[in-house]
Amino acid sequence: MEEADQGAVRPDFTPELGEDAVTSVTVSPAIPTLTEEEQEELRGELLRVEDEILTLSQVLATKENQLADIKRKLGITPLNELKQNLSKSWHEVTTSTAYKKTSEGLSVAGQKATAAFNNMGSAISRKFEDVRNTPSFKSFEEKVETLKVKMIPTVSQGDFGDVLTSTATSDPSVVVEKQPEATPIVIQEEHLQMAVV
């Protein structure tokens with residue numbers, strides 16, 4: 001019983017996740033032992049590959065410098081290269097079948113939308129014309145016209161706006177004199193004098 005209390009592994013015990021991770025990890029097989037001669041050969045190959053990588057990096061850097069120098073002499077700037085790349089990419093996109101199909105589809109959709117808008121505009125115009133020809137609209141129109149006639153002052157009332165209008169349309173050599181308007185105080189005095197008499 002003491003063994004169970006001290007943490008000994010029981011056959012019916014399964015550790016939970018994260019519990020005693022060291023015991024649950026299996027040890028990978030040992031690296032095969034190499035002879036001293038094989039290890040020396042691999043070390044030599046490792047140095048040779050590292051030297052090749054360094055040499056290739058230096059050659060690449062030199063070639064990149066040559067390329068930049070040639071482009072500078074030809075006047076090719078990064079902006080020109082970007083323009084050329086964009087132009088080339090755009091040409092590739094526009095010549096692709098997906099672009100052509102999409103373009104054709106959008107063209108057809110645009111034509112259908114234009115036709116739909118034209119039909120809708122015609123329908124709305126007809127509907128407005130139908131409404132305008134109804135008896136109730138004509139009655140409303142007549143009432144508005146009557147109200148308009150009642151609201152517009154006539155020339156005989158001496159409205160200054162009508163005088164200006166009539167003057168503007170008549171002979172400019174004729175001078176129209178405006179009658180002075182009575183002030184409210186004067187009007188009150190006239191009413192008082194009439195009341196006294």
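List every residue pair whose Cβ atoms lie under 8 Å apart, where the two residues are 6 or more positions apart in sequence or sit on different chains, the first residue falls within region 127-154 and is among the aliphatic types (A, V, I, L, M), and the second residue, located anywhere, is part of a helix (DSSP H, G or I) and open to solvent by less than 90 Å² (accessible area, probe 1.4 Å).
The qualifying pairs are 131/137.
Step by step: first the residues of region 131-160, then only those that are at pLDDT below 80 and not in a helix (DSSP H, G or I), then the one that is most open to solvent (accessible area, probe 1.4 Å). Which residue is that?
Of everything passing the filter in region 131-160, 152 is most open to solvent (accessible area, probe 1.4 Å).
Restricting attention to region 31-41, which residues are surrounded by 10 or more Cβ atoms within 10 Å (Cβ to Cβ) and part of a helix (DSSP H, G or I)? Steps first, answer last, please.
So in region 31-41, the residues surrounded by 10 or more Cβ atoms within 10 Å (Cβ to Cβ) come out as 34, 38-41.
Selection gives 38, 39, 40, 41.
Can you run down the residue pairs with Cβ atoms below 9 Å, 6 or more apart or on separate chains, where the first is in region 85-101 and polar (S, T, N, Q) and the partner is part of a helix (DSSP H, G or I)?
Every condition considered, the pairs that remain are 94/100; 94/103.
Looking only at region 61-77, how many residues end up being assigned to a helix (DSSP H, G or I) and either open to solvent by 100 Å² or more (accessible area, probe 1.4 Å) or small (Gly, Ala, Ser) (or both)? Don't jump to the end; show me each part of the working.
Of all residues in region 61-77, those assigned to a helix (DSSP H, G or I) come to 61-74.
Filter once more, so that each one left must be either open to solvent by 100 Å² or more (accessible area, probe 1.4 Å) or small (Gly, Ala, Ser) (or both): 61, 63-65, 68, 72-74.
Of the residues in that region, 8 qualify.
The values are calculated or read from the model by the stated rules, or taken from the named source; none is laboratory data. In this text the structure is predicted, and so the values were computed from the model without any measurement. Counting neighbours? That spans all protein chains shown, and the Cβs are built from the backbone with ideal geometry, glycine included. In case anyone asks, the SASA skips ligands and DNA or RNA and just uses the protein heavy atoms, side chains included. Shrake-Rupley method; radii C 1.70, N 1.55, O 1.52, S 1.80 Å.
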